[in-house]
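Data block below; observations after.
Read the figures in this text as sums done on the coordinates, not as results from a lab. Please read these numbers as outputs of a predicted model, since none were measured by experiment. Cβ coordinates were reconstructed from backbone atoms using ideal geometry, including for glycine residues, and neighbour counts include every protein chain displayed.
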Amino acid sequence: MSFASLGLSAPLLKVVAEQGYDTPSPIQSQAIPAVLEGRDVMAAAQTGTGKTAGFTLPILHRLSQAERPQGGSQIPVRALILTPTRELAAQVGESVATYGKYLSLKSAVVFGGVKINPQIATLRQGVDILVATPGRLLDLYQQKMVRFDKLEVLVLDEADRMLDMGFIHDIRKILAVLPKQRQNLLFSATFSNEIRNLAKGMVNDPVELSVTPRNAAAATVTQWVHPVDKSRKPALLSHLIQTHQWQQVLVFTRTKHGANRLTKYLEGQGIEAAAIHGNKSQNARTQALASFKSGGIRALIATDIAARGLDIDQLPQVVNFELPNVAEDYVHRIGRTGRAGASGQAVSLVSLDEKKELAGIERLISQRLNSQAVEGFEPTPGGGPKVDENDDRQPRGGQRRGNGGNGQRQNNGGGRGNNAGGRGNTGGRGDDSRRSEGRGASASQRGSQDDNRGNRIDSGNRGNSGNRNGDAPAQRRRRSQGGQRRSGGGTPNGNV
Ligand code: AMP
């Protein structure tokens, strides 16, 4: 199948060719005709499937073919794309701008954590397509800086993640001010009952699409586990980066605090690294991502939420420095590599206390992960010295035991691929949860809630407490559960 056969206009076909897209991805070949027909769509599709082009291209097509409604001095917004995080908003905004570059439509992106005035100035000039996170959008709406009376299309991107982040009230408020007559496109990695409830009041006779079975990981991602004492993880990571000469590695930690510590440690080892998480300013995050993409830094250390929407071409290597609280986040994390058919590797450093999480992941992806100790870093029977996660000093484990040399084997042969569906977008996150709080709580809660079919698992430890402004109501949910910590974190916008 070709893009031309989907009915897209010449300017869009031109840009698609320029992007080097030969054939539509499965979600694109299903979604594009449905959206062009004006149908509502509910699509189960994760990041990495090409879903953004799947909704953006036909929206651009439709809007460019129809006449722009008259709206007085301000162009009314015709398509609204809501995303859970700033990074995803920026990413989608970039896609809209790229795919629409031969059209005369205007687009803009608005999210919290940055000054509102430039956004207001942009909106004043008129915008056909607006990409937004919910909190900032409501802010702008309440200030009467944006109007929706001529809205034609609404997209909820990564709807499950939006609900996980506690945006349901904001979303409902937004839905209430949109015209009833409109096209609705709902993209979600998973379809929990909560999502279906939301969809019920939103979509009308939707075309339902699903591009991967539930919880499949990309078949192109090779996965394996290195068992190791918790205290030696930093040293093992540094060893892996150096011996394999990884030049671009995305590393996941469970906490912002942990991300900072690990960044410092790697820098101390001569490995250029930067952390990206919700306590970093938007500028710092943008800068870190840019230098990671351009090769200025080798290791980007991210928390789960901060990593949402990161789309880095050809990212070869993902490391789970710690396993996520929520099994589905594992699938999402490793989905950062092996995208659009490229091959990738995902390594998890697993300590004794993470057995339960590992079992949950293997259950979810219906696959046993190949486990191989790295020579010189074999775990000790008791799990090694205890690590105080709240200790702000340099992480221990820097000193090498045993050979430390190259004896490491990857043995990745068997850890491949699998089937399972990757989506991994659900679940709570512990962006700021300290391990001692997050894990116990989530593990026990999960027991009853993880139905192993990709539905939401509420882990209880939603992060980002205290860093609210427009975009992050997440932490208000479930404060009572699971010892959620209110860290009083300093992010001006808790969106991520
Ligand atoms: P998404 O799932 O929207 O985050 O897209 C994942 C990646 O796939 C992005 O880097 C896109 O540029 C790329 N992509 C989207 N559609 C295609 C296609 N038809 N062929 C090759 N790459 C694509």
Taking Rh as the Kirkwood radius, which is the inverse of the mean 1/r over Cα pairs, what is the Rg/Rh value for region 3-210?
0.93
Beyond 21 Å between alpha-carbons counts as too far, so tell me which of K144/K173; K256/K280; K14/K293 fall in that bin.
K14/K293
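Determine the sum of side-chain charges near S281: Lys and Arg each +1, Asp and Glu each -1, restricted to other residues whose C-beta is under 12 angstrom from that of S281. Kindly include the intermediate steps, with their values, before the conclusion.
Details: positive: R86, K115, K280, R285; negative: none.
Overall, the nearby charge balance is +4.
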Estimated FRET transfer efficiency when R0 is 60 angstrom, pair K356-Q65 (beta carbons, to 0.05)
0.65
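Which of rounded, prolate or oblate describes region 228-294 when judged by the alpha-carbon gyration tensor and an a/c cut-off of 1.5? Mind dumping the intermediate values first?
Working: a/c = 2.32, a/b = 1.35, b/c = 1.72.
In terms of gyration-tensor shape, oblate.
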Using the alpha-carbon centroid of each, what span in Å lies between region 40-99 and region 222-265?
36
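For region 221-371, rounded, prolate or oblate, judged on the Cα gyration tensor with a ≥ b ≥ c (square roots of eigenvalues), a/c < 1.5 rounded, else prolate if a/b > b/c? It would help to have the intermediate numbers written out before the result.
Details: a/c = 1.45, a/b = 1.29, b/c = 1.12.
It is rounded, given that a/c, with a ≥ b ≥ c, falls under 1.5.
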For the pair S210 and Q242, what calculated FRET efficiency results from E = 1/(1 + (r/R0)^6), where r is the Cβ-Cβ distance and R0 = 45 Å, to the nearest 0.05?
0.60
Based on DSSP, what percent of beta bridges with both residues in region 3-210 are antiparallel, to the nearest 5?
0
Here the FRET efficiency for R124 versus K200, based on Cβ atoms and R0 = 51 Å and rounded to 0.05, is 0.90
How far apart, in nanometres, would the label points at T98 and Q19 be if each is projected 7 angstrom from Cα along the Cα-to-Cβ direction?
0.6
Ranked packing of 111-118, 171-178, 259-266, most packed first, by mean Cβ within 10 Å:
259-266, 111-118, 171-178
